[in-house]
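Colleague: Here you go, one structure.
Read the figures in this text as sums done on the coordinates, not as results from a lab. Here the structure is a predicted model, which is why all the values come from computation and not from measurement. Here the Cβ positions follow ideal geometry from the backbone for every residue, glycine too, while neighbour counts run over all protein chains shown.
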Amino acid sequence: MNHKKLWIALLLVVGISFAVLLFYGNQIYQKAPPVPEQVVDESGNVLFTGSNIKDGQNVWQSMGGQEVGTVWGHGAYVAPDWTADYLHREAQYLLNKWAGGDFDSQSSEQKALLERRLQIFLRKNTYDKATKTLTLAAERIEAFEHNKAHYTSLFMNDPALDKLRSDYAIPKNAIKDESRMEKMAQFFFWASWACVTERPGESITYTHNWPNDAQIGNVPTGDLVIWTGFSIIMLLIGIGILVFVQARTQQEEVLKPVNDPLMNQVVTPSMRATKKYFWIVNILILAQVMLGILTAHYGVEGDALYGIDIASFLPYSITRTWHVQIAIFWIASAWLATGLYIAPSLSGRDPKFQKLGVNVLNWGW
Ligand code: HEM
């Protein structure tokens, strides 16, 4: 293939990829679930507002966010996905209430009837786009109060939930203030509402969470199954084409050096100066591994390390955050240091002030 063809292929790949990204970026923006300006009861009394919901999201983030369970997806799974947890608790509350106390003791027919009633009740969209108002039925408000009480006990300091808190690796008093707790519960409500409410005129919900709750009618749609299968098949076909083209293309013979060039390299002063970068990389990897070990241990003993109360100053949310973030630092440092090391190694000499530059960069960093 000549160079022109390669350039055209590259531009096509970049162009098509960005077109797809921009299209779906725009779709995500357009189709995001709405945050209501106000949430009201059936008589119009305001229960809470959109800014309460957003503040609640900040509360959740300030406590570790996706490092403490998840909302709508990819986060830590030592604690649950809060939207799945919320929906399940809401569903159980309503089913038990409608069953007159104990849903589990009902006959199969009765259960099926109540579950269908639950699906119709929860999936109905009561958001008014024009007034940006979400209206909640009285029973849904009751369920919210019920869930809020549970989250208050969990995230604050109810001794009855010590065991659950430890299972979830959440320290006592993760939230210290009732009003912050209330806002976080409001955020959990809204995030869960978006996972069960059908989009206007459609039978799919605004978004989805994991694990899905079949009892409330959240099951994978046909489209989802088809597109998941389709994308895996496309990926395999793509890899197949790459391997095929590579195998069919005549490879130019590459002349191998007689001796390993790295063995004969002249180690210049600037190359020696990069040593400290590699020390830093090593220390960071070590720190990451130590934090990884602590993070893993929190999956077994959520509130301590072999009985030592490290959770009070180094809770799971912190060890996991730093475990994941440190990789970025050492990979970037190793990348930089290797570049600084290899360039003079190839040329066999230091450009003027190279050593000074390497040292200044290290101090500045
Ligand atoms: C002995 C070494 C390591 C141990 C014991 C360890 C342990 C863990 C554990 C337990 C988690 C899951 C935390 C959770 O969600 O509950 C985790 C996640 C993660 N680790 Fe490690 N890890 C180690 C090394 C590394 C290294 C070397 C890297 C990167 C270069 C790395 C990158 C990550 C990332 C990115 C995640 C988040 C993954 C995700 O959310 O899907 N880990 N690690």
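Colleague: Based on the alpha-carbon gyration tensor of region 216-365 and its eigenvalue square roots a ≥ b ≥ c, which shape applies: rounded if a/c is under 1.5, prolate if not and a/b is larger than b/c, or oblate? Intermediate results must be reported in sequence, preceding the final value.
Modeller: Numbers: a/c = 3.06, a/b = 1.16, b/c = 2.63.
Oblate is the answer for region 216-365, as a/c is 1.5 or above yet b/c matches or exceeds a/b.
Colleague: Can you list the lysines whose alpha carbon is less than 29 Å from that of LYS132, not counting same-chain residues fewer than 8 positions off?
Modeller: LYS31, LYS54, LYS124, LYS148, LYS183
Colleague: Provide, for q = 0.09, 0.13 Å⁻¹, the log10 of I(q)/I(0) from a solvent-free Debye sum over equal Cα point scatterers in the chain.
Modeller: -0.78, -1.17
Colleague: Here's another thing I want to ask about it. Please give the charge dipole size of the chain, origin at the Cα centre, charges +1 on K and R Cβ atoms and -1 on D and E Cβ atoms. Round to the nearest 20 debye. Can you show the working numbers first?
Modeller: Numbers: 31 positive and 33 negative charges, 380 e Å.
Computed charge dipole of the chain: roughly 1820 debye.
Colleague: Among ILE326, ILE237, which comes first, second and so on when ranked by fewest other beta-carbon atoms within 10 Å? Please list the in-between numbers first.
Modeller: Details: ILE326 20, ILE237 10.
Listing ILE326, ILE237 from fewest to most nearby Cβ atoms yields ILE237, ILE326.
Colleague: Taking the Cβ-Cβ separation of GLU109 and ALA137 as r and a Förster radius of 22 Å, what is the calculated FRET efficiency to the nearest 0.05? Walk me through the intermediate numbers first.
Modeller: On the way: r = 25 Å, r/R0 = 1.13.
About 0.30, to the nearest 0.05.
Colleague: Does region 292-347 classify as rounded, prolate or oblate by the C-alpha gyration tensor (a ≥ b ≥ c root eigenvalues; a/c under 1.5 gives rounded; else a/b over b/c gives prolate, otherwise oblate)? Let's see the in-between values first.
Modeller: Numbers: a/c = 4.82, a/b = 4.23, b/c = 1.14.
Taking the square roots of the gyration eigenvalues as a ≥ b ≥ c, region 292-347 is prolate.
Colleague: Okay, next question. So what's the angle, to the nearest 10 degrees on a 0 to 90 scale, between helix 178-196 and the longest Cα principal axis of the chain?
Modeller: 90 degrees
Colleague: Can you list which of the GluC sites (Glu not before Pro) found in region 173-204 are DSSP loop residues with at most 14 other C-beta atoms within 10 Å?
Modeller: On the way: sites: GLU178, GLU182, GLU198, GLU202; in loops: GLU202.
Answer in residue order: GLU202.
Colleague: Moving to a separate point now. Using the count of nearby Cβ atoms within 10 Å as a rough guide to exposure, how do LEU291, LEU164 rank from fewest to most?
Modeller: Details: LEU291 20, LEU164 15.
In order of increasing Cβ crowding within 10 Å: LEU164, LEU291.
Colleague: As I understand it, the dipole of region 269-364 uses +1 on the Cβ of Lys and Arg and -1 on the Cβ of Asp and Glu, about the Cα centre. Which of ALA327, SER347, ILE285 lies farthest toward its positive end?
Modeller: Going by the charge dipole, the pick is SER347.
Colleague: Would you work out if region 217-301 is rounded, prolate or oblate? Take a ≥ b ≥ c from the square roots of the eigenvalues of the alpha-carbon gyration tensor; rounded if a/c is under 1.5, else prolate when a/b is larger than b/c, oblate otherwise.
Modeller: On the way: a/c = 4.55, a/b = 1.24, b/c = 3.68.
Oblate, because a/c is 1.5 or more while a/b does not exceed b/c.
Colleague: Next question. Kindly rank 50-56, 72-78, 258-264 from highest to lowest mean number of other beta carbons found within 10 Å of each residue.
Modeller: Taking the mean over residues of other Cβ atoms within 10 Å, the ranking is 50-56, 72-78, 258-264.
Colleague: Hey, another quick one. Sorted from fewest to most neighbouring beta carbons within 10 Å, what does the list ARG248, ARG320, ARG272, ARG140 look like?
Modeller: Values: ARG248 7, ARG320 24, ARG272 12, ARG140 21.
Listed from fewest to most nearby Cβ atoms, that is ARG248, ARG272, ARG140, ARG320.
Colleague: Considering only DSSP beta bridges where both residues belong to the chain, give the percentage that are antiparallel (nearest 5).
Modeller: Working: 7 of 12 bridges.
The antiparallel fraction comes to roughly 60 percent.
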